[in-house]
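Some notes on the structure that comes next.
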Amino acid sequence: MLKNFLASALLVWGVGAVAQLNVTTTIYPLYSIVKEIGGNKVQLNNMIPFGVEAHGFDPTPNDIAKLSKSDIFIVSSDAMEPWKDKIIESLKIENKVFDMSQYVHLIEMEEESLEHGHDHGHNHKHDEHEGENIDPHYWVSLNNYITMVKTISNLLIEKDSSNREYYEKNSAVYLEKVNALKSKFDASMKTCSNKKILVNHDAFSYFAHDYDVKQYSVSGMTPESKPSAKQIAELIKLVKQEGINTVFFEEFASPKVAQTIAKETYTKTDSLRPVENISKEENEKGIGYLEIMEENLQKLKVAMGCK
């Protein structure tokens, strides 16, 4: 058994190489896919700790030290990780970087003057600090997530062809689960009576685009943005006019504004999660992207009157 283990430890990139690919991801949706496909063939590290709001993250020296040992650095986009370029340049790891935003369908944020001072549909105000004129939350689209699974599977096979069958098998199993969830979304979204949602920040545009849902948001592209008293008053008016029955907030952001709007409109609040991150406890319990998106579906069905 020991001989077999030692032999397998030399397979990845020849004699002296370690058995596992060392992969660093930036955000949870990328981590979730590498975890499912890579399994025990990959040593995986996600830069943003569990439970931390992704938009406000800045890497620590320890994060950078871990990254320096990685074989692959999978990033989501310039918009989501404006800090990454300086680190990549300083570590001279340009040849190890894989940018997932180059492989998925992206929605541009369009400059727009809105009557109510908030964003809707799939048009967005552009936050200058984000660096690129795209909506970075592309994984909220199950179509994009399926593309991400296939792309990461191909990447791992390219870097570690000796474990091709292992990665292909894990990818096929995971894709079956993702496609099953997509079928549930597809069926339910055809039955909705009021396809309008009010969310904490503009993180659900890809979902809205996929299913012709109108998204209104309390803040802009980041959950830390604080609406003014005038904007809150306009949102209260909007909820009443559009017949919205649920004001959604996010687990890792303050629910106070959502609670204020709900109180004034006699509606309820609930959490809707763009799965930018999960808690440490959820990870330990095996709760991940699919489980949270399934929960989102049930809440969206209630909010939009779907069967």
Next on the checklist: Given the condition at pLDDT 90 or above, surrounded by 18 or more Cβ atoms within 10 Å (Cβ to Cβ), more than 30 Å from PRO49 (Cα to Cα) and not hydroxyl-bearing (Ser, Thr, Tyr), answer yes or no: does some residue in the stretch 214-230 qualify?
Outcome noted: no
Checklist entry - So which residues in the stretch 65-93 are surrounded by 14 or more Cβ atoms within 10 Å (Cβ to Cβ) and part of a helix (DSSP H, G or I), if there are any at all? => result LYS66, LEU67, LYS84, ASP85, ILE87, ILE88, LEU91
Checklist entry - How many residues does the stretch 187-200 hold that are surrounded by 13 or more Cβ atoms within 10 Å (Cβ to Cβ) and out of contact with any strand residue (DSSP E or B) (no Cβ under 9 Å at 6 or more places or on another chain)? => result 4
Checklist entry - Going by the conditions given, is LEU44 closer than 23 Å to ASN283 by Cβ, over 14 Å from the mean Cα position of the chain (by Cα) and either modelled with pLDDT of 95 or more or crowded, with 21+ Cβ neighbours inside 10 Å (or both)? => result yes
Next on the checklist: If a residue must be farther than 14 Å from LEU30 by Cβ, part of a helix (DSSP H, G or I) and not hydrophobic (A, V, I, L, M, F, W, C), how many such residues does the stretch 135-188 contain?
Outcome noted: 23
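The values are calculated or read from the model by the stated rules, or taken from the named source; none is laboratory data. Not measured: the values here are computed from a predicted model. No Cβ is skipped: glycine too gets one built from the backbone with ideal geometry, and neighbour counts run over all protein chains shown.
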